[in-house]
Amino acid sequence: MSWPSLFLISLCFQGDLGARAAKKPDLLPTTLEVDLVFPRPNETHQRTWPFPIVFAIQGAKNIWPYQLFFNWELRNLERTENNTRGETVHDRGDYEDVGLPTQYTNGKVPGDEDIFYYIDYTVRIGEYRNTNFSIMWSAGIRGNCSKGGEVSVSSPSQGPEPRIKGFALFQVSDDAPMDIAMDSCLSPQLNDGERNTLRIGGTVTPSQCIFYDEENFRPEPNPCAVKVDSALASRVTESMLARSGCKDVSWPDEVDGPCDVEKEDEPSGAEGRLVPKVIIFAGMLLGAL
(Lines give C-alpha, C1' and ligand atoms only; values in the text may rest on other atoms or scores of the structure.)
Protein backbone atom coordinates (compact mmCIF):
# COMPACT_ATOMS: atom_id res chain seq x y z
CA MET A 1 0.00 0.00 0.00
CA SER A 2 1.38 3.44 -0.95
CA TRP A 3 2.17 6.18 1.56
CA PRO A 4 -0.60 8.50 0.21
CA SER A 5 -3.16 5.74 0.83
CA LEU A 6 -1.95 5.19 4.40
CA PHE A 7 -2.05 8.94 4.99
CA LEU A 8 -5.68 9.16 3.81
CA ILE A 9 -6.70 6.18 5.97
CA SER A 10 -5.05 7.83 8.98
CA LEU A 11 -6.90 11.08 8.36
CA CYS A 12 -10.23 9.27 8.03
CA PHE A 13 -9.60 7.29 11.23
CA GLN A 14 -8.73 10.45 13.16
CA GLY A 15 -11.76 12.23 11.75
CA ASP A 16 -14.03 9.37 12.84
CA LEU A 17 -12.59 9.47 16.36
CA GLY A 18 -13.07 13.23 16.49
CA ALA A 19 -16.68 12.95 15.38
CA ARG A 20 -17.39 10.31 18.00
CA ALA A 21 -15.76 12.40 20.70
CA ALA A 22 -17.74 15.48 19.64
CA LYS A 23 -21.04 13.62 19.57
CA LYS A 24 -23.15 14.52 22.59
CA PRO A 25 -24.44 11.69 24.76
CA ASP A 26 -28.10 10.82 24.36
CA LEU A 27 -30.06 12.63 27.07
CA LEU A 28 -33.43 11.17 26.18
CA PRO A 29 -35.57 9.22 26.89
CA THR A 30 -35.79 10.24 30.53
CA THR A 31 -38.35 10.87 33.26
CA LEU A 32 -39.16 14.24 34.81
CA GLU A 33 -40.35 14.03 38.42
CA VAL A 34 -41.14 16.93 40.77
CA ASP A 35 -41.46 16.35 44.52
CA LEU A 36 -42.35 18.86 47.22
CA VAL A 37 -39.66 18.64 49.90
CA PHE A 38 -40.73 21.50 52.18
CA PRO A 39 -43.21 22.49 53.54
CA ARG A 40 -44.39 18.94 54.13
CA PRO A 41 -48.07 18.30 53.39
CA ASN A 42 -50.52 18.21 56.29
CA GLU A 43 -47.87 19.11 58.87
CA THR A 44 -47.38 22.14 61.11
CA HIS A 45 -44.08 24.01 60.76
CA GLN A 46 -42.45 26.82 62.66
CA ARG A 47 -43.30 30.34 61.52
CA THR A 48 -39.99 31.79 60.38
CA TRP A 49 -38.57 34.70 58.40
CA PRO A 50 -37.74 33.73 55.73
CA PHE A 51 -39.77 30.54 55.31
CA PRO A 52 -38.19 27.93 52.97
CA ILE A 53 -39.85 26.57 49.83
CA VAL A 54 -37.99 23.48 48.58
CA PHE A 55 -38.63 21.13 45.66
CA ALA A 56 -36.65 18.23 44.18
CA ILE A 57 -36.62 17.96 40.36
CA GLN A 58 -35.51 14.50 39.23
CA GLY A 59 -34.08 13.98 35.74
CA ALA A 60 -32.80 17.56 35.75
CA LYS A 61 -29.45 16.82 34.11
CA ASN A 62 -31.11 15.32 31.00
CA ILE A 63 -34.11 17.65 30.77
CA TRP A 64 -32.40 20.98 31.51
CA PRO A 65 -31.43 21.80 27.88
CA TYR A 66 -35.03 21.46 26.64
CA GLN A 67 -36.68 24.52 28.25
CA LEU A 68 -38.09 23.06 31.43
CA PHE A 69 -40.34 25.49 33.32
CA PHE A 70 -41.37 25.48 36.97
CA ASN A 71 -43.39 27.79 39.22
CA TRP A 72 -45.13 27.76 42.59
CA GLU A 73 -47.84 29.78 44.31
CA LEU A 74 -48.59 30.24 48.02
CA ARG A 75 -52.12 31.01 49.23
CA ASN A 76 -53.56 32.03 52.56
CA LEU A 77 -56.68 29.99 53.33
CA GLU A 78 -58.12 32.24 56.04
CA ARG A 79 -60.66 34.99 55.61
CA THR A 80 -59.54 38.58 56.03
CA GLU A 81 -61.32 41.93 56.12
CA ASN A 82 -60.45 42.67 52.51
CA ASN A 83 -60.93 39.14 51.24
CA THR A 84 -64.29 37.56 52.01
CA ARG A 85 -63.56 34.36 50.08
CA GLY A 86 -60.16 33.64 51.56
CA GLU A 87 -57.40 32.10 49.46
CA THR A 88 -55.40 35.30 49.04
CA VAL A 89 -52.41 34.83 46.77
CA HIS A 90 -49.58 35.62 49.18
CA ASP A 91 -46.49 34.81 47.14
CA ARG A 92 -45.26 33.09 44.00
CA GLY A 93 -41.96 32.17 42.42
CA ASP A 94 -40.17 30.52 39.51
CA TYR A 95 -36.61 29.87 38.31
CA GLU A 96 -35.71 33.55 38.23
CA ASP A 97 -36.23 33.77 41.99
CA VAL A 98 -33.27 31.50 42.72
CA GLY A 99 -30.73 33.33 40.60
CA LEU A 100 -31.31 31.58 37.26
CA PRO A 101 -31.48 33.91 34.23
CA THR A 102 -34.82 32.99 32.64
CA GLN A 103 -38.12 31.31 33.38
CA TYR A 104 -37.12 28.39 31.11
CA THR A 105 -34.02 26.29 31.64
CA ASN A 106 -31.30 25.79 29.06
CA GLY A 107 -27.74 24.57 28.86
CA LYS A 108 -26.31 22.64 31.79
CA VAL A 109 -28.02 22.15 35.13
CA PRO A 110 -26.29 24.00 38.02
CA GLY A 111 -24.06 21.64 39.93
CA ASP A 112 -24.38 18.98 37.20
CA GLU A 113 -26.85 17.10 39.41
CA ASP A 114 -29.48 14.63 38.24
CA ILE A 115 -31.67 15.81 41.13
CA PHE A 116 -31.88 19.60 41.23
CA TYR A 117 -32.91 20.99 44.63
CA TYR A 118 -34.90 24.14 44.01
CA ILE A 119 -34.46 26.20 47.19
CA ASP A 120 -36.63 29.31 47.33
CA TYR A 121 -38.28 31.25 50.14
CA THR A 122 -41.23 33.43 51.13
CA VAL A 123 -41.36 36.29 53.63
CA ARG A 124 -45.16 36.37 53.78
CA ILE A 125 -45.54 33.63 56.36
CA GLY A 126 -43.31 35.53 58.77
CA GLU A 127 -45.08 38.84 58.14
CA TYR A 128 -48.66 37.66 58.69
CA ARG A 129 -50.30 35.86 61.57
CA ASN A 130 -52.25 33.42 59.40
CA THR A 131 -51.84 29.73 60.20
CA ASN A 132 -53.41 27.82 57.27
CA PHE A 133 -51.80 27.85 53.84
CA SER A 134 -51.80 25.98 50.56
CA ILE A 135 -49.00 25.67 48.02
CA MET A 136 -49.50 24.81 44.35
CA TRP A 137 -46.87 24.14 41.72
CA SER A 138 -46.57 23.37 38.03
CA ALA A 139 -43.80 22.00 35.81
CA GLY A 140 -43.37 20.89 32.20
CA ILE A 141 -41.53 21.43 28.92
CA ARG A 142 -42.16 24.56 26.85
CA GLY A 143 -42.19 22.89 23.42
CA ASN A 144 -44.27 19.81 22.61
CA CYS A 145 -44.39 17.88 19.35
CA SER A 146 -46.72 15.15 20.66
CA LYS A 147 -50.09 15.34 18.93
CA GLY A 148 -52.63 12.80 20.13
CA GLY A 149 -50.22 9.88 20.17
CA GLU A 150 -48.38 11.01 17.04
CA VAL A 151 -45.35 13.23 16.53
CA SER A 152 -45.87 16.43 14.55
CA VAL A 153 -42.72 17.79 12.95
CA SER A 154 -44.28 20.66 11.00
CA SER A 155 -46.20 22.44 13.76
CA PRO A 156 -44.71 21.98 17.22
CA SER A 157 -46.78 23.45 20.02
CA GLN A 158 -45.15 26.14 22.13
CA GLY A 159 -47.68 25.83 24.92
CA PRO A 160 -46.56 24.44 28.30
CA GLU A 161 -48.78 21.33 28.12
CA PRO A 162 -48.92 18.68 29.40
CA ARG A 163 -47.58 19.50 32.81
CA ILE A 164 -47.14 18.22 36.35
CA LYS A 165 -49.46 19.93 38.81
CA GLY A 166 -49.29 19.60 42.57
CA PHE A 167 -51.16 20.88 45.60
CA ALA A 168 -50.59 20.62 49.35
CA LEU A 169 -51.99 22.05 52.59
CA PHE A 170 -49.88 22.93 55.62
CA GLN A 171 -50.00 25.00 58.80
CA VAL A 172 -47.58 27.23 60.69
CA SER A 173 -47.23 27.96 64.39
CA ASP A 174 -44.79 29.86 66.59
CA ASP A 175 -44.30 26.79 68.76
CA ALA A 176 -43.86 24.17 66.03
CA PRO A 177 -40.43 22.74 65.11
CA MET A 178 -38.53 23.58 61.94
CA ASP A 179 -37.34 20.13 60.90
CA ILE A 180 -36.09 19.98 57.31
CA ALA A 181 -34.42 16.56 57.44
CA MET A 182 -36.56 13.42 57.55
CA ASP A 183 -36.00 9.66 57.53
CA SER A 184 -39.04 8.57 55.51
CA CYS A 185 -39.77 8.98 51.79
CA LEU A 186 -41.54 12.03 50.41
CA SER A 187 -45.29 11.89 49.87
CA PRO A 188 -46.35 13.15 46.41
CA GLN A 189 -49.33 15.55 46.53
CA LEU A 190 -51.05 15.82 43.16
CA ASN A 191 -54.17 17.18 41.53
CA ASP A 192 -56.91 14.74 40.52
CA GLY A 193 -54.88 11.67 41.44
CA GLU A 194 -52.31 12.24 38.69
CA ARG A 195 -48.68 11.18 39.02
CA ASN A 196 -45.93 13.72 39.47
CA THR A 197 -43.97 12.39 36.49
CA LEU A 198 -43.67 12.88 32.72
CA ARG A 199 -41.78 10.50 30.42
CA ILE A 200 -39.98 12.31 27.59
CA GLY A 201 -39.32 9.98 24.68
CA GLY A 202 -36.97 12.07 22.55
CA THR A 203 -36.74 15.13 20.31
CA VAL A 204 -37.65 16.03 16.75
CA THR A 205 -34.66 17.37 14.82
CA PRO A 206 -33.59 19.98 13.94
CA SER A 207 -35.99 21.93 16.17
CA GLN A 208 -35.16 19.85 19.28
CA CYS A 209 -38.86 19.86 20.13
CA ILE A 210 -39.55 17.06 22.60
CA PHE A 211 -42.20 14.35 22.32
CA TYR A 212 -43.61 12.19 25.10
CA ASP A 213 -43.54 8.44 25.55
CA GLU A 214 -47.21 7.68 24.93
CA GLU A 215 -46.94 4.07 26.13
CA ASN A 216 -45.49 5.09 29.49
CA PHE A 217 -46.62 8.70 29.67
CA ARG A 218 -46.71 9.00 33.48
CA PRO A 219 -44.43 6.32 34.94
CA GLU A 220 -44.36 5.27 38.57
CA PRO A 221 -42.72 8.01 40.68
CA ASN A 222 -39.64 7.39 42.79
CA PRO A 223 -39.82 9.84 45.72
CA CYS A 224 -37.45 7.70 47.81
CA ALA A 225 -34.62 8.74 45.46
CA VAL A 226 -34.74 12.19 47.08
CA LYS A 227 -32.53 12.29 50.17
CA VAL A 228 -33.90 14.84 52.63
CA ASP A 229 -30.94 14.47 54.96
CA SER A 230 -28.83 16.71 57.18
CA ALA A 231 -26.73 17.80 54.20
CA LEU A 232 -29.79 19.17 52.40
CA ALA A 233 -31.00 20.75 55.65
CA SER A 234 -27.65 22.57 55.90
CA ARG A 235 -28.03 23.86 52.34
CA VAL A 236 -31.49 25.19 53.17
CA THR A 237 -30.19 26.86 56.34
CA GLU A 238 -27.34 28.53 54.43
CA SER A 239 -29.78 29.75 51.80
CA MET A 240 -32.17 31.21 54.37
CA LEU A 241 -29.35 33.02 56.18
CA ALA A 242 -28.13 34.42 52.86
CA ARG A 243 -31.64 35.57 51.99
CA SER A 244 -32.16 37.32 55.32
CA GLY A 245 -28.79 39.03 55.22
CA CYS A 246 -28.27 38.29 58.92
CA LYS A 247 -24.76 37.94 60.33
CA ASP A 248 -23.72 35.87 63.33
CA VAL A 249 -27.16 34.37 63.91
CA SER A 250 -28.66 30.94 63.52
CA TRP A 251 -31.73 29.99 61.55
CA PRO A 252 -34.49 29.73 62.53
CA ASP A 253 -34.00 32.54 65.04
CA GLU A 254 -35.89 35.35 66.76
CA VAL A 255 -35.37 37.52 63.69
CA ASP A 256 -38.74 38.54 62.24
CA GLY A 257 -37.52 40.61 59.32
CA PRO A 258 -34.55 41.28 57.02
CA CYS A 259 -31.12 42.17 58.35
CA ASP A 260 -30.32 43.89 55.04
CA VAL A 261 -29.22 47.20 56.56
CA GLU A 262 -26.19 48.12 58.62
CA LYS A 263 -24.77 51.25 60.15
CA GLU A 264 -21.82 53.04 58.62
CA ASP A 265 -19.79 55.49 60.69
CA GLU A 266 -19.77 59.08 59.47
CA PRO A 267 -16.58 61.15 59.93
CA SER A 268 -18.64 64.10 61.16
CA GLY A 269 -19.72 62.17 64.25
CA ALA A 270 -23.32 62.16 63.12
CA GLU A 271 -25.52 59.10 63.52
CA GLY A 272 -24.66 56.34 61.08
CA ARG A 273 -26.81 56.12 57.96
CA LEU A 274 -28.47 52.91 56.77
CA VAL A 275 -26.72 51.19 53.88
CA PRO A 276 -28.26 48.31 51.90
CA LYS A 277 -26.28 45.09 51.92
CA VAL A 278 -25.98 42.64 49.06
CA ILE A 279 -28.15 39.56 49.55
CA ILE A 280 -26.86 36.37 47.95
CA PHE A 281 -29.34 34.32 45.94
CA ALA A 282 -29.97 30.86 47.35
CA GLY A 283 -29.77 29.32 43.90
CA MET A 284 -26.13 30.39 43.56
CA LEU A 285 -25.27 28.15 46.50
CA LEU A 286 -26.35 25.09 44.55
CA GLY A 287 -23.67 25.32 41.91
CA ALA A 288 -20.92 25.68 44.47
CA LEU A 289 -21.79 22.47 46.35
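Data for the structure
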item	result
Residue that is nearest to Met182 (Cα to Cα) [pool: residues in segment 211-250 that are modelled with pLDDT under 90 and among the small types (Gly, Ala, Ser)]	Ser250
Unmet criterion (only one of (1) modelled with pLDDT of 80 or more; (2) over 23 Å from Ala225 (Cα atoms); (3) in contact with a helix residue (DSSP H, G or I) (Cβ under 6 Å, 6 or more places away or on another chain)) for Phe167	(2)
Residue check for Ile135: under 21 Å from Arg235 (Cα atoms), modelled with pLDDT of 80 or more and of a type in the set (A, V, I, L, M)	no
Qualifying residues in segment 209-250 (those that are surrounded by fewer than 20 Cβ atoms within 10 Å (Cβ to Cβ), without any contact (Cβ under 8 Å) to a residue 12 or more places away in the chain and assigned to a helix (DSSP H, G or I)) - the one farthest from the chain's Cα centre (by Cα)	Glu215
Whichever residue in segment 58-72 is part of a strand (DSSP E or B) and either modelled with pLDDT under 90 or of a type in the set (A, V, I, L, M, F, W, C) (or both) and, among such residues, is surrounded by the most Cβ atoms within 10 Å (Cβ to Cβ)	Leu68
Test: residue in segment 141-154 that is modelled with pLDDT under 60, within 30 Å of Glu214 (Cβ to Cβ), in contact with a strand residue (DSSP E or B) (Cβ under 7 Å, 6 or more places away or on another chain) and surrounded by fewer than 19 Cβ atoms within 10 Å (Cβ to Cβ)	yes
Which listed residue is part of a helix (DSSP H, G or I), touching a helix residue (DSSP H, G or I) at 6+ places or on another chain (Cβ under 9 Å) and at pLDDT below 80, from Gly126, Gly111	Gly111
Qualifying residue in segment 18-31 (condition: surrounded by 14 or more Cβ atoms within 10 Å (Cβ to Cβ), touching a Leu at 6+ places or on another chain (Cβ under 8 Å), modelled with pLDDT of 90 or more and outside any helix (DSSP H, G or I))	yes
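The values are calculated or read from the model by the stated rules, or taken from the named source; none is laboratory data. The shown structure was predicted, so the numbers you read here are calculated from the model rather than taken from an experiment. When we count neighbours, we look across all protein chains shown, and the Cβ atoms used for this are built from the backbone with ideal geometry, even at glycine.
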